[in-house]
Amino acid sequence: MSRISQVYATSGDVLSLPFVSSPDGAFFEDVKVGREYTSPGRTVTETDVVLFAGLSGDYNVLHTDAEHMKGSLFGERIAHGLLGLAIQQGLASRGEPTAAHALLAALKWKFKGPIRLGDTIHVRSRIVGLKEGVKPGQQLVTVERQVMNQRGEVVQEGESEHVLESRTP
Amino acid sequence: MSSPRVNPSVAPSQLYFEDVELNVSLETPGMTLTAAHVTLFIGMTQDVSPRDNGLVPDLLPLCLSSGLGWRVPRPPLVVLAFMGFEWRFLLPLRVGDTIRSISVTNTKRSLREGGVVIEERRIVNQRGETAQAGKLTLLVAKRPTS
């Protein structure tokens, strides 16, 4: 039984999960190449950064030492890049069909600029490809994402591949 | 006889670009994935991607490896910025699994300000199976010249 099958077996209809508004559904057949989505925004706060340092154990001065960072390239503390990635994953899951953020198979990601405390980010995503997976009945969906700040600057961007099952295996 | 200005038996407190050794494998301590990690992570990210009970969010092990990465027998690297990464998700990880991270720097490229370090990293489970792996690109400071 594949990972996706287990999801269906335990949770029934994934479309009924709370917080997921999913116009296009969760199957391979529901994904349309070229379709674009825009997520809601979210303000990245000092609390987010402190909690993420505690959870991840990454206490690098970039994220935790305000005095040291005054003399740095950025002039102030910045959010962990991986915090930005994790937050955008959550934001994307509120704006995309379930199928576009199913289990990750691969990720290529660039941190293009800092996310500063107080910045508000949102995600733009586009379905760019569909292909056969390794196992029968399994498909891979490729999604391009850009994380934008409130000034319209792209602070992170990349491409992810997600594993999906076909409705008609 | 004058004493040396730097005692060579004292390890440097920080590791600069020049100090990074190529092809040296560094292994972190283990970290057991718990329901608390999952709850905190989902609460922070609001990632509602479908998964069955017990599977941890795909990005959680990678995030934990960023903290584990500091807990290796070498001084902390002076990272100026995390530039990007490529990552593959190979095996599911569940609550109760214990991960550790093994990394090797295999490329260094000097720039005018700092240098680029490319690190191959893999996250293994308690059976030594590679669950996630990829390469990370970091911008690292050069040793101050003064």
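The values are calculated or read from the model by the stated rules, or taken from the named source; none is laboratory data. If you're wondering where the values come from, they're calculated on a predicted model, not measured in any experiment. No Cβ is skipped: glycine too gets one built from the backbone with ideal geometry, and neighbour counts run over all protein chains shown.
The table for this structure:
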quantity	calculated
Scan of segment A:129-140 for residues that are surrounded by 18 or more Cβ atoms within 10 Å (Cβ to Cβ) and either touching a residue at least 60 places away in the same chain (Cβ under 8 Å) or under 18 Å from A:Gln88 (Cα atoms) (or both), ordered by number	A:Gln138, A:Gln139
Test result for A:Leu164, within 16 Å of B:Pro57 (Cβ to Cβ), surrounded by 18 or more Cβ atoms within 10 Å (Cβ to Cβ) and in contact (Cβ under 8 Å) with a residue 40 or more places away in the chain	no
Matching residues, segment A:36-84, being touching a strand residue (DSSP E or B) at 6+ places or on another chain (Cβ under 8 Å), touching a residue at least 60 places away in the same chain (Cβ under 8 Å) and in a loop (DSSP other than H, G, I, E, B)	A:Ser39, A:Pro40, A:Gly41, A:Val44
Residue identified as within 13 Å of chain B (Cβ to nearest Cβ), crowded, with 18+ Cβ neighbours inside 10 Å, in contact with a strand residue (DSSP E or B) (Cβ under 6 Å, 6 or more places away or on another chain) and within 30 Å of B:Arg100 (Cα to Cα) among A:Val143, A:Val123	A:Val143
Filter pass, B:Leu64 being aliphatic (A, V, I, L, M), under 15 Å from B:Gly30 (Cβ atoms) and under 12 Å from the mean Cα position of the chain (by Cα)	yes
Tally of residues being under 14 Å from the mean Cα position of the chain (by Cα) and without any contact (Cβ under 8 Å) to a residue 24 or more places away in the chain across segment A:141-161	3
Elements of type strands (runs of 3 or more DSSP E) contained in segment B:65-146, each with 3 or more residues being free of Cβ contacts under 8 Å to residues at least 60 places away in the same chain and either crowded, with 16+ Cβ neighbours inside 10 Å or basic (Lys, Arg) (or both)	B:79-89, B:115-124, B:130-140
Conditions (1) under 28 Å from B:Thr130 (Cβ atoms); (2) assigned to a strand (DSSP E or B); (3) at pLDDT below 95; number of the one not met by A:Gln89	(2)
Residue among A:Gly71, A:Gly75, A:Gly41 that alone is surrounded by fewer than 15 Cβ atoms within 10 Å (Cβ to Cβ), more than 11 Å from every other protein chain (Cβ to nearest Cβ) and closer than 16 Å to A:Gly90 by Cβ	A:Gly41
Evaluation of A:Gln89 against (1) within 7 Å of chain B (Cβ to nearest Cβ); (2) surrounded by fewer than 24 Cβ atoms within 10 Å (Cβ to Cβ); (3) more than 15 Å from the chain's Cα centre (by Cα) (one fails), failing number	(3)
A:His122 vs. criteria part of a helix (DSSP H, G or I), in contact (Cβ under 8 Å) with a residue 12 or more places away in the chain and not polar (S, T, N, Q)	no
Residues of segment B:15-54 satisfying the condition of being in a loop (DSSP other than H, G, I, E, B), modelled with pLDDT of 95 or more and not hydroxyl-bearing (Ser, Thr, Tyr)	B:Val20, B:Glu21, B:Leu22, B:Asn23, B:Val24, B:Pro29, B:Gly30, B:Leu33
Answer residue from segment A:92-101, given it is in a helix (DSSP H, G or I) and more than 8 Å from chain B (Cβ to nearest Cβ) and is nearest to B:Leu138 (Cα to Cα) among those	A:Ala92
A:Val33 being among the β-branched types (Val, Ile, Thr), touching a residue at least 24 places away in the same chain (Cβ under 8 Å) and in a helix (DSSP H, G or I)	no
B:Pro61 surrounded by 22 or more Cβ atoms within 10 Å (Cβ to Cβ) and more than 9 Å from chain A (Cβ to nearest Cβ)	yes
